[in-house]
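Engineer: The structure that follows is given in the form of structure tokens.
The values are calculated or read from the model by the stated rules, or taken from the named source; none is laboratory data. Bear in mind that the values here come from a model prediction, so they are computed numbers and not experimental data. As a convention, Cβ positions derive from the backbone with ideal geometry for all residues, glycine included, and neighbour counts pool all protein chains shown.
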Amino acid sequence: MASLSTQHDELPPLPSDSEDSDFNEESFESENDSDDHHSDSDDEISEEDGTLHELNVMANNMALQGNLEQAEKLFRGVLAGREASSGSTDPKTLVAMNNLALFLQKASALTSNADKMTEAEDLLRRALSGYEQSRGVEHSETLICCNNLAQLLYVSGKLEDVEPLFRRALKGNEVSLGPDDISTITSCTNLARVLEDLGKFEEAGELYKRAIASKKGEMTSDTLDDLNDLAKFYRKQGKFEDALPFSIQACEGRRTLLGENHTDTLASMYGLAAIYIGQKKWKEAEATARSSLDGYVKLKLQDDIQDGVEQVVEILNATGRSDECKDVLSLLKV
């Protein structure tokens, strides 16, 4: 599947070609982000609220340290405490529900435990329903939860269920934040990638172009990601002439912004080489493919080295130079 992206700090990282499965410091929402519906003068409630917040912090720390069993117990304890003290639809309960779901999603990826993913989906559906009741269908927190559920379903391969959720997030952000807000554009590209996976290429292409147009020519990392995505979009359809200018822009921009041997730069070069192969521009293809392969070797990225070697070997075979393949294949032993 295509990869997704996000600009929400509250949301977990979305699946991407280069993402690892480790927990990170932005994986969970802070309980301070939800409204405090308790009176500051109520010492008993305030003390309980503070205790649950500290437990949430401990759970985050345990997750970051790789102590998944203890982290899960703490996240479950926070949710149980919130439900007991505030009810199932209180915003703080919903944050705790969301946090446990995001943890279980991550833990499922690390432990290959499908039951955790199933429970995470159920929790996010419950949280979304709770946000709809307590916040409203177009509230920003509701849309964030909607996006979280869409991300999880995407990872699970349930694309038909993902599409309406991302459409809803896009429409809601357009209404509440405006058509060019960064969260709106993130929703736009997420929907485009799902539509691409579903084979709805015409609408996906228009959404990709909209995302790029919103950047107004600014060569930021986000813009370069969008350019690279659009190049990949056309390349996968065999539309190499359409893909080429976007791929070149992404390569040159990433080389300038990130450096010659940054993994994103090398990925763009690999994609550009694939476009040249599709066009049978063998000289350009070989030069670009060898450059990306050299970078992968320097960084000792074994999976990428494998891909790079296969790409160069393909070029050598296509140009009648099979005798040179041995030297390239020797890089697999590095």
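For every residue, the table says whether it meets (1) polar (S, T, N, Q); (2) more than 17 Å from residue 101 (Cβ to Cβ); (3) in a helix (DSSP H, G or I).
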position	(1), (2), (3)
47	no, yes, yes
50	no, yes, yes
53	no, yes, yes
57	no, yes, yes
62	no, no, yes
70	yes, yes, yes
75	no, no, yes
84	no, yes, yes
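Engineer: Ok, one more. What residue, of 231, 250, is in the same structural domain as residue 275 (by TED's automatic domain parsing) and in contact with a Pro (Cβ under 9 Å, 6 or more places away or on another chain)?
Structural biologist: From the options 231, 250, the qualifying one is 231.
Engineer: In addition: What are the residues in region 301-334 that are outside any helix (DSSP H, G or I) and either closer than 19 Å to residue 281 by Cα or over 31 Å from the mean Cα position of the chain (by Cα) (or both), if any?
Structural biologist: Residues satisfying the conditions are 319, 320, 321.
Engineer: Please specify each residue of region 270-285 satisfying the condition of being assigned to a helix (DSSP H, G or I), of a type outside the set (A, V, I, L, M, F, W, C) and within 21 Å of residue 234 (Cα to Cα).
Structural biologist: 270, 271, 276, 278, 279, 284
Engineer: List every residue pair whose Cβ atoms lie under 9 Å apart, where the two residues are 6 or more positions apart in sequence or sit on different chains, the first residue falls within region 307-334 and is among the small types (Gly, Ala, Ser), and the second residue, located anywhere, is in a loop (DSSP other than H, G, I, E, B) and surrounded by fewer than 14 Cβ atoms within 10 Å (Cβ to Cβ).
Structural biologist: Here the result reads 318/280, each pair linking region 307-334 to a residue that is in a loop (DSSP other than H, G, I, E, B) and surrounded by fewer than 14 Cβ atoms within 10 Å (Cβ to Cβ).
Engineer: Could you identify the single residue in 307, 327, 323 that is more than 21 Å from residue 226 (Cβ to Cβ), charged (D, E, K, R) and surrounded by 14 or more Cβ atoms within 10 Å (Cβ to Cβ)?
Structural biologist: 307
Engineer: Just to verify a result, which residue in region 160-196, among those that are of a type in the set (A, V, I, L, M) and surrounded by fewer than 19 Cβ atoms within 10 Å (Cβ to Cβ), is nearest to residue 211 (Cα to Cα)?
Structural biologist: Among them, the one singled out is 182.
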